[in-house]
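The values are calculated or read from the model by the stated rules, or taken from the named source; none is laboratory data. Here the structure is a predicted model, which means the values were calculated and not measured. Positions of Cβ are generated from backbone atoms using ideal geometry, with glycine treated the same way; all protein chains shown enter the neighbour counts.
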Amino acid sequence: MPPRKQSEAAAGTPAPTTMADLKATLWKAADKLRGSLSASQYKDVILGLVFLKYVSDAYDERRELIRSDLAGQGYDDEQIDTLIDDPEEYQGYGVFLVPPQARWRFLAENAKGMPAQGMTPAQSVGALVDAAMDTVMGANPTLRGTLPKIYNRENIDQRRLGELLDLFNDTRFSRQGEHRARDLMGEVYEYFLGAFARAEGKRGGEFFTPPSVVKTLVEVLQPDHGRVYDPCCGSGGMFVQAEKFIAAHHGDPTGIAVYGQEAMEKTWRLAKMNLAIHGIENTGLGTAWHDTFARDVHPEMQMDFILANPPFNIKDWVRNTEDPRWRFGVPPATNANFAWIQHILSKLAPGGRAGVVMANGSMSSNTGGEGDIRAAIVRADQVACMVALPTQLFRSTGIPVCLWFFAKHKEAGAQGAIDRKGQVLFIDARDLGYMVDRAERDLAPEDIARIADTFHIWRGTPGAMGTYEDVPGFCKSATLAEIKANGYVLTPGRYVGSAEVPDDGEPLDDKIARLTSEVRDGFALRANLQQRVLAALDSLEVNHE
């Protein structure tokens with residue numbers, strides 16, 4: 001049966017859950033598990049259930065649309081029952097196949113009252129959920145080996161698990177309109193991952209990069225074609241943002257293919273789910289999790305775009321001094337920063353571009369030969385831009401961070417109309433952003449646009465408007481000779497200088513005299529106040545006696 005145009009939802013269908021309602025439900029779910037599991041454990045429990053609810057709702061919605069369409073064409077119930085299970089009618093619309101025993105309605109109905117009936121572990125709520133995960137993976141090859149089967153373990157309270165299923169019963173995802181459910185689900189992942197990055201401290205950084213940082217990388221690199229790669233992909237946020245960039249610019253989402261790997265098993269599974277739920281082909285993440293330094297799962301492949309947020313300052317990593325990736329020098333055993341950078345450069349295609357989040361120390365450190373490696377990379381003219389970011393963007397670490405942007409070729413051409421060979425753009429963005437709360441800063445859309453626009457105007461990117469000029473305190477285009485004179489230190493503040501202070505027209509001698517008078521007056525006022533306070537204290541002592 002050929003796929004048909006998707007019609008509108010039937011009248012009377014419940015409205016999809018709003019993001020605000022869903023966030024409230026997620027935290028109620030977390031409350032049910034607190035005390036019985038750690039945050040790192042109930043994250044996996046809840047995210048797995050959210051995924052299962054999403055695929056079930058999407059399947060049910062698509063099924064009702066097919067039924068409505070067939071009925072409208074005059075098919076009777078018997079004919080509809082024959083045609084409605086055609087896999088192409090689901091997969092052709094980006095909907096996962098969900099067998100009957102994995103559908104949410106089946107799970108919710110069979111979970112009712114189970115703990116009270118004293119059923120055996122094999123018949124528990126957790127066994128039902130684990131079996132559902134198995135059947136969904138069996139029906140959808142892109143999900144095989146991905147979904148969590150953790151619900152029938154001894155540490156999972158089956159009564160609370162049953163309550164979680166009840167809690168999610170009223171949550172409804174929809175794929176109507178502009179693929180609303182897919183966007184909503186992406187927000188769920190970003191929200192929940194962000195929340196757990198906060199809750200888990202530094203460990204949260206294993207799978208979460210602040211969206212504004214990811215968007216900055218994407219807006220500068222503009223990954224709109226070819227192979228997009230992340231060697232430490234976490235939850236897959238770089239790939240998701242790349243897809244959003246293409247959609248926002250009306251590009252062809254089939255024009256890119258994503259590749260990556262991840263060393264942590266749970267995080268790798270999460271990335272596979274995240275990509276699947278966004279409709280992004282996830283086979284490029286390999287068939288299992290692997291350490292990038294121990295085994296490159298894409299050894300012969302060159303990438304058009306690379307986006308990465310490697311774990312900072314790793315002191316214990318798989319190091320082979322004979323590794324051909326160390327073209328610019330062998331990284332020190334006590335820090336993997338320049339191992340990540342050199343791995344990324346080794347994977348970059350001749351016309352490729354890369355953006356990497358790094359600890360600020362990478363811009364100036366000379367420890368363990370890092371200064372020599374950095375100098376060799378600069379001399380090879382592969383650094384395009386350095387961006388110093390504001391502090392407190394990452395809840396998971398207090399380490400100040402920067403962005404490195406690389407390009408194998410910087411001459412005038414398809415990537416930019418301006419020849420930038422032998423030059424590096426420095427951007428000091430430390431004063432940008434706003435405080436979300438006392439502990440966390442974020443970049444506003446206009447901040448991201450300012451950074452990206454500055455780069456594209458400097459490079460002469462097609463579509464960029466304006467003429468580049470150095471802005472004291474913010475940006476500077478420096479030559480390799482200038483960088484050499486600064487000892488190959490790449491800290492933007494060293495090059496951009498201080499922002500210009502507007503001239504207020506007051507003569508310097510008059511300004512010094514005025515300020516001196518104000519300081520003297522301030523001292524006099526302080527002395528007067530001090531005498532008054534001491535007199536008041538003396539009066540209190542006399543009265544007390």
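List of remarks:
- Residue match in the stretch 308-315 (condition: surrounded by fewer than 17 Cβ atoms within 10 Å (Cβ to Cβ), touching a strand residue (DSSP E or B) at 6+ places or on another chain (Cβ under 9 Å), polar (S, T, N, Q) and in the same structural domain as Leu490 (by TED's automatic domain parsing)): yes
- Tallying residues that are in a loop (DSSP other than H, G, I, E, B) and within 25 Å of the chain's Cα centre (by Cα) within the stretch 325-352 yields 2.
- Candidate set from the stretch 61-88 (those that are part of a helix (DSSP H, G or I) and in contact with a Lys or Arg (Cβ under 7 Å, 6 or more places away or on another chain)); member that is nearest to Lys272 (Cα to Cα): Glu61
- Tally, over the stretch 230-258, of residues that are under 11 Å from Leu275 (Cα atoms) and more than 14 Å from the chain's Cα centre (by Cα): 1
- Only residues that are of a type in the set (D, E, K, R), farther than 21 Å from Leu348 by Cβ and crowded, with 21+ Cβ neighbours inside 10 Å were counted in the stretch 387-431, giving 2.
- Out of Val55, Val50, Val45, sole residue that is in contact with a strand residue (DSSP E or B) (Cβ under 9 Å, 6 or more places away or on another chain) and β-branched (Val, Ile, Thr): Val45
- Filtering the stretch 111-144 to residues that are under 20 Å from Pro100 (Cα atoms), modelled with pLDDT under 85 and exposed (fewer than 12 other Cβ atoms within 10 Å of the Cβ) leaves only Ala122.
- In summary, helices (runs of 4 or more DSSP H) completely within the stretch 198-312 and bearing 3 or more residues that are within 27 Å of Pro350 (Cα to Cα) occur at 211-221, 237-248.
- Among the numbered conditions (1) in a helix (DSSP H, G or I); (2) in contact (Cβ under 8 Å) with a residue 60 or more places away in the chain; (3) crowded, with 22+ Cβ neighbours inside 10 Å; (4) among the hydrophobic types (A, V, I, L, M, F, W, C), the only one that Ile373 does not meet is (2).
- Taken over the stretch 246-292, the criterion of being modelled with pLDDT of 90 or more and either surrounded by fewer than 21 Cβ atoms within 10 Å (Cβ to Cβ) or not assigned by TED's automatic domain parsing to the domain that holds Trp317 (or both) is satisfied by Ala257, Ala263, Trp289, His290, Asp291.
- When residues of the stretch 316-360 are limited to those that are of a type in the set (Gly, Ala, Ser) and surrounded by 21 or more Cβ atoms within 10 Å (Cβ to Cβ), the one farthest from Tyr259 (Cα to Cα): Ala336
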